[in-house]
Amino acid sequence: MPATNVKVGVVEDDLVAAQGIINVLNQLGYIATGPAVSYSEALEMIEKEQPDILLLDIMLHGIKDGIELAQKVREDYDIPFLFLTGNSDAATVERAKKILPAAYLVKPFSKNELFASIEVCLYNYSFSKQNASEIAKDNYIIKDCLFIKQAQNFYKVKIEEILYLQSDNVYIYVHTTNNKLIVRSTIQHYLKLINKDFFYRVHRSFAINMNHVVTISAENVIIGGREIPISKVYRDELLKTLRIG
């Protein structure tokens with residue numbers, strides 16, 4: 001059940017427990033960062049490592065705890081998080097609920113429970129940022145990155161690194177600067193999901209990232225070393241938008 005290229009920030013004051021969590025994350029294929037053992041260390045880790053999701057223990061070294069850290073993350077960082085804790089008393093749960101975590105895992109937990117919680121956390125956070133009719137269950141978007149599911153693997157793709165989208169019946173090939181991924185979708189749907197004004201439809205089977213275009217001619221564009229056709233129905237609109245011709 002690996003999740004490729006997803007960076008998980010670990011905030012845990014028990015270094016033995018933290019190493020165990022990191023080992024499990026590595027087994028699952030995640031990129032684990034940390035551990036941070038306090039509020040201040042966690043903020044430093046977030047700034048330096050730019051994790052995609054945070055695992056926050058409630059009990060931390062220092063005055064401020066994980067719930068206060070979660071509030072800071074919610075206010076200042078666009079990062080989903082879930083709580084890992086040995087505290088399941090009513091008062092702690094009530095404080096934690098007010099921060100609206102994606103999940104609340106009570107120690108000890110299994111590898112499968114951790115994996116499921118992270119997957120649900122990523123999906124729910126992404127879903128909350130998108131229109132329900134526009135998001136696919138196998139494509140998460142957080143900040144400026146897509147998380148594209150291939151079999152049981154998640155591939156993190158920076159939107160700016162997508163060269164073009166290519167339609168093939170009910171599938172889309174997402175061509176990036178160093179990879180090609182396939183998803184079940186339409187170009188129209190995917191452009192709505194990406195929602196970036198530097199992507200343009202140039203053909204019924206192609207949409208391009210204008211930031212990677214090398215040459216534009218009457219019949220095609222050169223992008224990523226490949227000629228992408230421009231159909232007449234899209235060419236006039238594209239040139240008008242770009243104020244060319």
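The values are calculated or read from the model by the stated rules, or taken from the named source; none is laboratory data. As the structure is a computational prediction, the values presented were derived from the model and not from experiment. Virtual Cβ from ideal backbone geometry, glycine too; neighbours counted across all protein chains shown.
For the range 129-150, indicate whether the set of residues that are surrounded by fewer than 17 Cβ atoms within 10 Å (Cβ to Cβ) and either assigned to a helix (DSSP H, G or I) or modelled with pLDDT of 85 or more (or both) is non-empty.
Yes; the residues of the range 129-150 include at least one that is surrounded by fewer than 17 Cβ atoms within 10 Å (Cβ to Cβ) and either assigned to a helix (DSSP H, G or I) or modelled with pLDDT of 85 or more (or both).
From the list V174, V183, which residue is under 24 Å from C121 (Cβ atoms) and at pLDDT 90 or above?
Just one listed residue meets the conditions, V174.
Among the residues of the range 19-35, write down those that are in contact with an Asp or Glu (Cβ under 7 Å, 6 or more places away or on another chain), assigned to a strand (DSSP E or B) and not polar (S, T, N, Q). Break it down into steps so the answer makes sense when it comes.
As a first pass, look at the range 19-35 and keep what is in contact with an Asp or Glu (Cβ under 7 Å, 6 or more places away or on another chain): 21, 33, 35.
Now drop any that are not assigned to a strand (DSSP E or B), which leaves 33, 35.
Result: P35, single match.
Go through the range 48-78 residue by residue and tally those that are free of Cβ contacts under 8 Å to residues at least 40 places away in the same chain and not in a helix (DSSP H, G or I).
Summing the residues that are free of Cβ contacts under 8 Å to residues at least 40 places away in the same chain and not in a helix (DSSP H, G or I) in the range 48-78 gives 6.
Got a sec? Which of L122, L163 is modelled with pLDDT of 80 or more, in a strand (DSSP E or B) and either touching a Gly at 6+ places or on another chain (Cβ under 8 Å) or not assigned by TED's automatic domain parsing to the domain that holds P229 (or both)? Lay out the reasoning, then the answer.
Working: L122 fails: in a strand (DSSP E or B).
Every option except L163 fails the conditions.
Quickly run through the range 147-181 and pick out the residues that are under 16 Å from F206 (Cβ atoms), of a type in the set (S, T, N, Q) and touching a residue at least 40 places away in the same chain (Cβ under 8 Å).
Q166 - this is the single residue of the range 147-181 that is under 16 Å from F206 (Cβ atoms), of a type in the set (S, T, N, Q) and touching a residue at least 40 places away in the same chain (Cβ under 8 Å).
Condition first: more than 18 Å from K7 (Cα to Cα) and buried (at least 22 other Cβ atoms within 10 Å of the Cβ). Now tell me which residues in the range 66-84 satisfy that.
Those that are more than 18 Å from K7 (Cα to Cα) and buried (at least 22 other Cβ atoms within 10 Å of the Cβ): G66, L69.
Taking the range 201-216 as the search range and keeping residues that are touching a residue at least 12 places away in the same chain (Cβ under 8 Å) and over 17 Å from K158 (Cα atoms), which one is surrounded by the fewest Cβ atoms within 10 Å (Cβ to Cβ)? First the steps, then the outcome.
Of the residues in the range 201-216, the ones touching a residue at least 12 places away in the same chain (Cβ under 8 Å) are 201-212, 216.
Narrowing further to those that are over 17 Å from K158 (Cα atoms): 201-206, 216.
Details: R201: 19, V202: 25, H203: 20, R204: 12, S205: 17, F206: 23, I216: 21.
Checking each candidate, the answer is R204.
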